[in-house]
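Just below is one structure, and these are the notes that go with it.
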Amino acid sequence: MGLTVAALGSLWISNKKAVFYPLSALVVVGSTFLIYSMYGYGPLGATLFQYTLKLRFRYWQAAIEMMQNHPWLGVGVDSYGEYFRRSKPLALILSNGPELMTNNSHSTPFQLGATLGVPFFLIYVSLQIYVIIRFIKAFRNPTENAKPLLALFSIWVAFQLQSLISLDQLGLSIWGWVLGAAIIGLSFDGVAVVLPPVVKGPKKVERTKEVTPAFLKPGIAIGAIVGFMIALVPIRADLAMKAAMETPWSQEDEASKQARLATLTAAIKTLEHDPTYVSQAITEVYKMGKIEEGLALAKVGAALHPESFDSQFMVVDMLEQNQIWKDAIPYRKRTSELDPMNWNVWMAYARDLENTGDKAGAKFALNKVLEFTNDPKFIADAKNGLTRLGF
């Protein structure tokens with residue numbers, strides 16, 4: 001698509017409007033047909049509507065669900081994965097199983113909308129529209145900057161189309177902002193407007209350069225400083241985690257295990273904002289055989305992140321492995337709330353309840369399994385469980 005924009009722009013610069021207009025119409029019709037086919041319709045529908053694209057549509061559905069449930073502030077930065085479990089459509093679960101997980105909507109605008117809210121989504125869309133408007137204004141009457149401006153815009157269009165169906169990764173996303181800013185900046189350079197001069201006598205018309213907004217440069221500087229300060233927090237956390245993971249230890253050397261436990265505990269304190277990192281650090285504590293210490297840290301993590309499935313699971317999994325059923329139930333209940341259509345979770349919850357003598361609760365959990373699953377094995381196991389309980 002970027003090459004198409006470049007070709008059309010070249011025709012416009014060359015003043016070949018007799019070719020530009022019909023070719024533009026053909027591109028619009030062709031693009032509409034391709035989009036229609038990507039949704040599985042038309043003669044190319046079966047070819048273009050591939051498995052990975054189907055998954056992306058489901059991820060976008062989940063993002064829209066998050067935007068509807070958390071419109072103002074979203075679910076939080078890097079929290080798409082935590083809310084995906086309760087937002088993914090049942091059709092996705094039935095076709096791909098309850099354990100299918102993703103931490104990203106695979107679409108930059110949907111990812112921003114889901115994690116930061118509808119206002120930020122609208123700001124993002126408005127900025128992209130502003131880039132387009134600035135390009136059109138500057139390119140309408142081509143100047144000496146027309147060719148570099150067209151080159152930048154062509155790359156920007158290709159990048160934006162790619163970002164619609166791809167992961168929102170910082171290393172890639174930053175180029176979208178760089179390209180957009182370059183287009184805006186270049187669009188102000190050399191653009192002429194007609195202004196009437198304030199003089200006596202007959203009115204004259206002069207052409208003057210459009211002035212770059214005064215707030216642009218200070219705004220860029222302030223944005224860079226604020227962005228750097230925000231980035232310091234995760235950078236420090238990453239460095240602490242890296243140091244902890246690289247601390248040497250041996251299963252036979254208790255002193256090395258204690259030293260590594262200390263570095264992991266320190267890392268967890270700097271990583272409290274990130275449940276994924278916390279869970280990873282606790283897993284390392286478990287690997288060293290420090291079950292009690294790991295369980296204590298896991299309980300702190302679960303309390304800090306009640307919305308994190310992984311944080312709750314780090315506690316309940318260890319409790320269930322040691323058959324501490326009564327203590328496991330509150331955490332297992334929370335996992336059923338965080339992943340409400342996962343029949344694996346409901347089956348485990350039913351087992352915990354049955355082992356504590358709560359037959360009514362176990363019956364409820366087993367009926368949830370039957371409500372959601374299409375797996376013959378789980379259906380049979382749930383029915384057998386109900387029979388065993390006397391229902």
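By the beta-carbon count within 10 Å of each Cβ, the least crowded to most crowded order of 261, 55, fewest first, is 55, 261.
Considering only 223, 113, 81, give the residue with the highest GNM mean-square fluctuation for the chain, with springs between Cα atoms whenever their separation is below 10 Å. Residue with maximal mean-square fluctuation among 223, 113, 81: 223.
Of interest is the spacing of the C-alpha centroids, which for segment 94-111 and segment 237-278 amounts to 30 Å.
Within the listed set 28, 131, 316, the residue fluctuating most in the Gaussian network model of the chain (springs between alpha-carbon atoms under 10 angstrom) is 28. Backbone geometry of segment 369-378 corresponds, through the Karplus equation with coefficients 6.51, -1.76 and 1.60 at θ = phi - 60°, to 3J(HN,Hα) couplings of 4, 5, 5, 9, 7, 10, 7, x, 5, 5 Hz, x marking Gly and Pro.
Derived scalar couplings between HN and Hα for segment 68-81 equal 6, 7, 9, x, 7, 10, x, 8, x, 4, 6, 10, 4, x Hz in order, rounded to whole Hz, by the Karplus curve 6.51 cos²θ - 1.76 cosθ + 1.60 (θ = phi - 60°), x for Gly and Pro. Note that the chain, at 4 °C in a medium of 1.567 mPa s, gets a Stokes-Einstein diffusion coefficient of 51 µm²/s from its Kirkwood radius over C-alpha pairs. Here the residues 387, 356, 270, ranked from fewest to most Cβ neighbours within 10 Å of their Cβ, fall in the order 387, 356, 270.
Please work out the Cα center distance from segment 287-327 to segment 1-20, rounded to the nearest Å. The two parts, judged by their Cα centres, are 61 Å apart. Against the chain, whose longest principal axis is taken from its Cα atoms, helix 325-338 shows a tilt of about 20°. Would you pull out the residues with amide H under 5 Å of residue 74's amide H, same chain only if 5 or more places away, H placed 1.01 Å from N? Those qualifying (amide H under 5 Å, at least 5 residues apart or on another chain) are 117, 118.
Segment residue 276..residue 17, full-extension length gain: 87.7 nm, with 0.36 nm per residue of separation and the alpha-carbon distance subtracted.
No lab work stands behind these numbers, since they all come straight from the coordinates. Computed from a predicted model, the values in this text were never measured in an experiment. Backbone-built Cβ (ideal geometry, glycine too); neighbour counts: all protein chains shown.
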